[in-house]
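Only one structure is covered here, and it is reproduced in the block below.
Here, each number is a calculation from the coordinates, and none is a lab measurement. Computed from a predicted model, the values in this text were never measured in an experiment. Here the Cβ is made from the backbone with ideal geometry for all residues, glycine too, and neighbour counts use every protein chain on show.
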Amino acid sequence: MYARGILFGKMKYELGDNAVVRCPETGLEVNIEFKVKGWVGGTYNAIGGFIKETKSGKNLFELSGLWSGEMTIKDLTTGKKEVLFDATRAKPSFPQSRPLAEQSPRESQKLWNTTTVAIKKADQKVATDEKSRIEDEQRKEAADRGETIWQPKLFRKAPAGDEEQLDWIIDAEVDAKAPADTQVKQILNIAPILPGQKPTQEQQKTQSQPVQQSQPPPANNGGGDLIDFGQHDGAGAAVPSQPTQSAQPVGQSLQSPLVPGRGGEPVRRMDSLGNEEMFMDADP
């Protein structure tokens, strides 16, 4: 992941990497490159890649376009090109999760809730403090375990010679040949995932101990996004959020050594090792 606009403009994240997906049943694999915008030309959110035969290495199809817009596929044998997927016309399927009150303390959404809320309300101090608190607690737990081998709750080590070269696999058996209703029951027996679903006695025995949670900061209903994910593209002008009282002391009465002449003040941040960093928010 790359960030642009750190020194000037509004900061924007870019995806830049390669993804490989293999299908042993068909003998095909796809290699997709998430391209980053060049300094002179290019565009954001571009992709490119090929679908090939794993055994021969021969490219069969070429992929191109934008992962946020229209993606096309070209048959390299016939030269025919057509739209594979158009994200602008697709109906989004938003991720769903159980209410926080029903989640176990170590589920990511609940564990990182205080940090997430602080990020959404642009409170860097609270977000940093909450992140450090959780990480410091996890470091302490790792130190207390000593030489004891850590065992995940829901996963086990992949067997030797695993075809996909995975490190961990789900510690459960789902019969791919069983009826759909049976498979659903087997999946739901792994862990509670539906709203209102109660954990079984076996699942209750393996519940992890919680990391002590502090009270979440108050929610922010305004704007003030620090990073542009494109969520407001095409929308009306965002209303800038007002600084919260807890964030006002950060960098108070300091003159910026990074960008002289700007009205903003630098923000000081302490990492988990006690080192102090100072940075300046980009102008909108």
Cut-off 9 Å between beta-carbons: net charge of the residues surrounding W112, Lys and Arg +1, Asp and Glu -1:
+1
Hey, rough spin-label estimate for T78 and Q186, points 7 angstrom out along Cα→Cβ, what's it come to in nanometres?
3.8 nm
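Taking the mean number of other Cβ atoms within 10 Å as a proxy for protection, how do you rank 114-126, 169-181, 98-110 from highest to lowest?
In decreasing order of mean packing, 114-126, 169-181, 98-110 become 114-126, 98-110, 169-181.
Too long at a 28 Å Cα-Cα cut-off: which of K35/K153; K58/K81; K52/K153; K110/K153; K58/K80; K55/K153?
Pairs exceeding the cut-off: K35/K153; K52/K153; K55/K153.
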Please compute the volume of the convex hull spanned by the alpha-carbon atoms of the range 1-158 and report it per residue in Å³.
235 Å³
Check which residues have an amide H placed less than 5 Å from K35's amide H, if you skip close sequence neighbours.
A46, I47, G48
Which residues qualify? For G69, with a placed amide H closer than 5 Å and at least 5 residues away or on another chain, they are A87
Going by C-beta contacts inside 10 Å, put L154, L63 in order with the fewest on the left.
L154, L63
